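The values are calculated or read from the model by the stated rules, or taken from the named source; none is laboratory data. Since we're looking at a predicted model, the values are computed, not measured. Ideal geometry is used to build each Cβ from the backbone, glycine not excepted, and the neighbour counts take in all protein chains shown.
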Amino acid sequence: MLFVLSAPSGSGKTTIARNVLRHFDDLSFSVSATTRPKRPKEIDGRDYHFLSRDDFERRIEEDGLVEWEEIYGNLYGTLKSETDSAIGAGSHLLFDIDVKGALSLKRLYSDDAVLIFIRPPDLDVLRERLEHRGTDDETVIARRMQRAAWELEQAPQFDHVVVNDDLARSIPEVERIIGIYMNGSKQQQ
């Protein structure tokens, strides 16, 4: 199964993903590729596959990505080789990707993909989270907020929506959803 967490930037999906991964031994993280610069403490191959723009564009031309998108001047995508390898091995993958990427994954792997939308309580809370994070200037935050409005409109296309107003409730809810599917796939084997 491919479990896809998606949300507007600042909604807490990465925090939820990290906690969910600790809960399931047989769930692996799908590492996305990007052309954006590495942030402090990020590790190539663990947080992202950091690629040059030329390398990323070559992979697009060779159909080597399941999905990709340019966001705020940087390219992000999912390597097809890793996804197909996991499916072939019967492995479960957890994705932490943007909304457009999630919808692309669902189109390509409809029988194997479960989309979970992490919704912020409201746009004011989302702005506060982005400002508190301290990684973006006001111009980038304004772009993220503009994009968030469109992303929130896409939530009905997801299989599940979890409002992240409290991590102590949101994390177990996502774990419960994933557990239902993982237990169901084990029973089918």
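Miscellaneous remarks
- Top-ranked residue of segment 103-112 - restricted to ones that are touching a residue at least 24 places away in the same chain (Cβ under 8 Å) and within 22 Å of residue 75 (Cβ to Cβ), ranked as surrounded by the fewest Cβ atoms within 10 Å (Cβ to Cβ): 108
- Some residue of segment 57-70 being of a type in the set (A, V, I, L, M) and within 14 Å of the chain's Cα centre (by Cα): yes
- Considering (1) in a helix (DSSP H, G or I); (2) of a type in the set (D, E, K, R); (3) free of Cβ contacts under 8 Å to residues at least 12 places away in the same chain; (4) surrounded by 12 or more Cβ atoms within 10 Å (Cβ to Cβ), the lone condition that residue 127 does not fulfil carries the number (3).
- Scanning segment 167-176 for residues that are hydrophobic (A, V, I, L, M, F, W, C) and either in contact with a strand residue (DSSP E or B) (Cβ under 8 Å, 6 or more places away or on another chain) or crowded, with 16+ Cβ neighbours inside 10 Å (or both) yields 171, 174.
- Checked against (1) under 21 Å from residue 56 (Cβ atoms); (2) without any contact (Cβ under 8 Å) to a residue 60 or more places away in the chain, residue 146 passes all but condition (1).
- For segment 20-76, a tally of residues being on the phi > 0 side of the Ramachandran plot and among the small types (Gly, Ala, Ser) returns 2.
- When residue 165 is tested against (1) within 22 Å of residue 66 (Cα to Cα); (2) charged (D, E, K, R); (3) at pLDDT below 95, exactly one condition is not met: (1).
- Counted residues, segment 61-80 - those being more than 17 Å from residue 107 (Cα to Cα) and small (Gly, Ala, Ser): 1
- Some residue of segment 135-147 being modelled with pLDDT of 95 or more and touching a Leu at 6+ places or on another chain (Cβ under 6 Å): no
- Candidates are the residues of segment 98-132 that are aliphatic (A, V, I, L, M) and touching a Gly at 6+ places or on another chain (Cβ under 7 Å); the one that is farthest from residue 34 (Cα to Cα) is 126.
- Residue within segment 155-166 that is over 25 Å from residue 3 (Cβ atoms) and small (Gly, Ala, Ser) present: no
- If you go through segment 137-166 and keep only what is under 17 Å from the mean Cα position of the chain (by Cα), within 20 Å of residue 124 (Cα to Cα) and surrounded by 12 or more Cβ atoms within 10 Å (Cβ to Cβ), you end up with 144, 147, 148, 151, 152, 154, 155, 161, 162, 163, 164.
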